[in-house]
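The structure appears right after this line, and notes come after that.
Read-outs throughout are calculated quantities, based only on the coordinates presented, and are distinct from any laboratory measurement. As the structure is a computational prediction, the values presented were derived from the model and not from experiment. So basically every Cβ, Gly included, is an ideal-geometry build from the backbone, and we count neighbours across all protein chains shown.
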Number of protein chains: 4
Amino acid sequence: MSERKAPASRSDYHAFLPIQTRWMDNDIYGHMNNVVHYSLFDTAVNGWLVSAGLLKPRAGEHIGLVVETGCKYFAEMMFPDIIHAGIRVARIGSSSVRYEVGLFRNDEEHASAEGFFVHVYVDRETRRPKALSDQWRATLETILIRE
Amino acid sequence: MSERKAPASRSDYHAFLPIQTRWMDNDIYGHMNNVVHYSLFDTAVNGWLVSAGLLKPRAGEHIGLVVETGCKYFAEMMFPDIIHAGIRVARIGSSSVRYEVGLFRNDEEHASAEGFFVHVYVDRETRRPKALSDQWRATLETILIRE
Amino acid sequence: MSERKAPASRSDYHAFLPIQTRWMDNDIYGHMNNVVHYSLFDTAVNGWLVSAGLLKPRAGEHIGLVVETGCKYFAEMMFPDIIHAGIRVARIGSSSVRYEVGLFRNDEEHASAEGFFVHVYVDRETRRPKALSDQWRATLETILIRE
Amino acid sequence: MSERKAPASRSDYHAFLPIQTRWMDNDIYGHMNNVVHYSLFDTAVNGWLVSAGLLKPRAGEHIGLVVETGCKYFAEMMFPDIIHAGIRVARIGSSSVRYEVGLFRNDEEHASAEGFFVHVYVDRETRRPKALSDQWRATLETILIRE
């Protein structure tokens, strides 16, 4: 129903996080339910933001609100696979960032699914957009796609 | 970062299913996590397919594989809200269908989020695409968008 | 492996909350995964606490930490069932409460599963136990088991 | 409200599986929601059964139905922790097994939570209990508690 691009390779992504699938991830059809992929996207991106010192989930002064997400599914994954989630930054706005995530099953070279989400960063209290700091920009640029 | 259309009204969707939010749907920021929306999409569409007699989750001869999904988030929802999920069909292919879902919070008239997913129907055993039957087409057309 | 009591009736519980099952609740065996039951327990009890004006998830000065939970499973439930979760209070300590929850499938009279959890109420900031107020005690007693 | 045993050490469990926590595991209080622990129990035990060649989730002739579960929570865990789930067998019946699972946070020596679940093995089609084979017994005994 839409043109299907070939799935990307591992070299198209950075900062891989291995994530153990869980028994519950499998649905009645015996494969990872399409919803679970989004849970892995959040985990990979926020995990990287935490480890880079940018995000403090409990106490940081700004938080990322998700305004748009999407995913294309190329191949089944299933428990007990280990999923390697690679990330990259596709666009940096004044207070928003588009992250892209590729999910690679076990040792496979091509992504089984690829998705994105757009974060708008807002003040934790007022929930108003907040410009990204220079530290954020500099760190995000280390995984920005060069075209 | 992208043009934002205004959220749709209830009259743009059909076949509403009320879904009680759960305590766990709220994430650390105190609102429904962006992943949960997709769980509601599946629930609304598959619930309708089951009640229409088209889908038999345990024993049907064909199953719906999800090949693409997406969501735009307009406003927060949170436990203990009741979400009214309305659905519509945007496109019917030979073996695939694009479903769209609007999520309406409690009594609100405008959607808090709108999303879609594309199902390709395949044979349960061979996992090869299978043309939609006349019964499927006729039923899906009852909720097809007219443009 | 343990003595099995017969499942309770609806009249053994109070304050029922109807909860729509979700597509994802079904696991590879085509029934509601055993983990989901606990999500419904939290939802029923915290939903009642919120509606009774006792719990304010985002801003209350004390929060409930779960120290023990358990569940016995008597019969399968599955999407698209609606689960009616009834609750009761089994014991009120100085800062802790034992809640019990029965899950009733659609119109069934006997529980498909019964479980419990023990909340210790603590100060949101210090996370030290905090004695229950008179308002809490009086409200909890309205659903306390009389023996 | 109940006598609290001290949490066990890693040496009390076997066959550890590292499981990456997910962003969604954190609830509104900023720690792993009590429901998630059960998802890790299933993952650890079924993962071991699969790797030991005993369980074939999609095609095996018997499946494990969960009849009772429970958990005691000693300390908070939270994203982005890695949880090391250790398992042991506490009792082997004719067609049932009691598994126990300890969850250890990152490098910690004592469990943050300990739980159990009882599986009754049944025929996939008839759902009637099925005696454990000698191969099952022999393998389960390798992780049986000796007292």
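Cα extents for chain D along the principal axes, largest to smallest and rounded to whole angstrom: 43, 35, 30. Among the GluC sites (Glu not before Pro) in segment C:14-101, those placed in a DSSP loop whose Cβ has at most 14 other Cβ atoms within 10 Å are C:Glu61.
Based on Cα contacts under 8 Å between residues 6+ apart, segment B:1-127 shows a relative contact order of 33 percent. Look at where the Cα atoms of segment C:63-112 and of segment A:106-147 average out, and the two centres are 40 Å apart.
The share of Cα pairs per 20 Å bin across the protein assembly as shown, counted from zero up to the longest distance, runs 20, 56, 24, 1 percent. Between this copy and the others, label points of C:Ala90 are 1.5, 4.9, 5.0 nm apart in ascending order, each placed 7 angstrom from Cα in the Cβ direction. From its DSSP helices (H runs of at least four residues, each -39,500 (n - 2.57)), the protein assembly as shown gives a residue-normalised ellipticity at 222 nm of -5000 deg cm²/dmol. In this rough spin-label picture, where each label sits 7 Å from Cα along the Cβ direction, the B:Ile92-B:Ile145 distance is 1.6 nm. Extension gain, C:Phe74-C:Ala138: 0.36 nm per intervening residue step, less the Cα-Cα distance, totals 19.8 nm.
Where chain D is carried onto chain C by rotation, the Cβ closest to that axis, with its residue and distance in Å, is D:Gly70, 2.
Using every Cα-Cα pair within segment B:42-116, state what percent have a distance larger than 20 Å. Here the tail beyond 20 Å accounts for 37 percent of pairs. Label sites at C:Ser9 and D:Arg128, each approximated as a point 7 angstrom past Cα along Cα to Cβ, lie 3.2 nm apart. Which is the longest stretch in chain B that no exposed loop site breaks, taking sites as trypsin sites (Lys or Arg not before Pro) with a DSSP loop state and at most 16 other Cβ atoms within 10 Å? Longest run free of exposed loop sites: B:59-123.
Legend: mean number of C-beta atoms from other chains within 10 angstrom of residue C-beta atoms, peptide C:54-63, equals 2. Give, to the nearest whole percent, the P(r) tail of segment A:75-119 beyond 15 angstrom, counting all Cα pairs. Result for the distance tail: 46 percent.
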